[in-house]
1. Pairs, please: C-beta under 9 Å, at least 6 apart or cross-chain, first residue closer than 14 Å to LEU79 by Cβ and in the stretch 9-20, second surrounded by 12 or more Cβ atoms within 10 Å (Cβ to Cβ) and of a type in the set (Phe, Trp, Tyr)?
2. Please give the number of the condition THR117 fails out of (1) closer than 21 Å to GLY16 by Cβ; (2) open to solvent by less than 70 Å² (accessible area, probe 1.4 Å); (3) within 10 Å of the chain's Cα centre (by Cα).
3. Check whether at least one residue in the stretch 63-79 is in a loop (DSSP other than H, G, I, E, B), open to solvent by less than 40 Å² (accessible area, probe 1.4 Å) and in contact (Cβ under 8 Å) with a residue 24 or more places away in the chain, and report yes or no.
4. Taking the stretch 54-98 only, how many residues are closer than 22 Å to TRP30 by Cα and basic (Lys, Arg)?
5. Taking the stretch 34-54 as the search range and keeping residues that are charged (D, E, K, R) and assigned to a strand (DSSP E or B), which one is surrounded by the fewest Cβ atoms within 10 Å (Cβ to Cβ)?
6. Look through the stretch 1-16, keep the residues that are assigned to a loop (DSSP other than H, G, I, E, B) and open to solvent by 60 Å² or more (accessible area, probe 1.4 Å), and return whichever of them is modelled with the lowest pLDDT.
7. Please state which one of ARG27, ARG65, ARG44 is more than 14 Å from the chain's Cα centre (by Cα) and of a type in the set (Lys, Arg).
8. Looking only at the stretch 27-45, count every residue that is in contact with a strand residue (DSSP E or B) (Cβ under 7 Å, 6 or more places away or on another chain), in contact (Cβ under 8 Å) with a residue 40 or more places away in the chain and within 16 Å of TYR107 (Cα to Cα) and tell me the total.
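The values are calculated or read from the model by the stated rules, or taken from the named source; none is laboratory data. Predicted model only: the values in this text are computed from it and were never measured. When we count neighbours, we look across all protein chains shown, and the Cβ atoms used for this are built from the backbone with ideal geometry, even at glycine. For accessibility, only protein heavy atoms count, side chains too; no ligands or nucleic acids. Shrake-Rupley method; radii C 1.70, N 1.55, O 1.52, S 1.80 Å.
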Amino acid sequence: QVRLVESGGGLVQTGGSLRLSCTASGRISWYTMAWFRQSPGKEREFVAAHGWGSRTYSADSVKGRFDISRDSDKKTIHLQMNNLTPEDTAVYYCAAGPDSGTQLVRYNYWGQGTQVTVSS
């Protein structure tokens, strides 16, 4: 059974950095892993993904600022977040699934989320 656990969230000032991590248990070596985020009153949105052949892609809102990576054991992903702004404040969720893409329905497994708050 696949389980995902996020860590690394916290409070930072505008312009600061955070590094999120997600550790998985279960057999997910062939799965795409991704990060989503959700702010109060908004829909959960795609942030970045690490898929087949180490292909990575990210949302336009975070390109050039956020980088996703995956450890060699395939069970841990990270999201390095730089130059943070208050608009990045959200609960960040780790996800995994057998396919790929930016849609929520493409992912079967989800973590509990970790809060990221960026102050002005």
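1. Listed pairs, sorted by first residue: GLY9/TYR92; LEU20/TRP35; LEU20/TYR92.
2. So THR117 meets the others, but not (3).
3. No, the stretch 63-79 has no match at all.
4. 4
5. The extreme case among them is GLU45.
6. Residue satisfying both the conditions and the ranking: GLN1.
7. ARG27
8. Count: 10.
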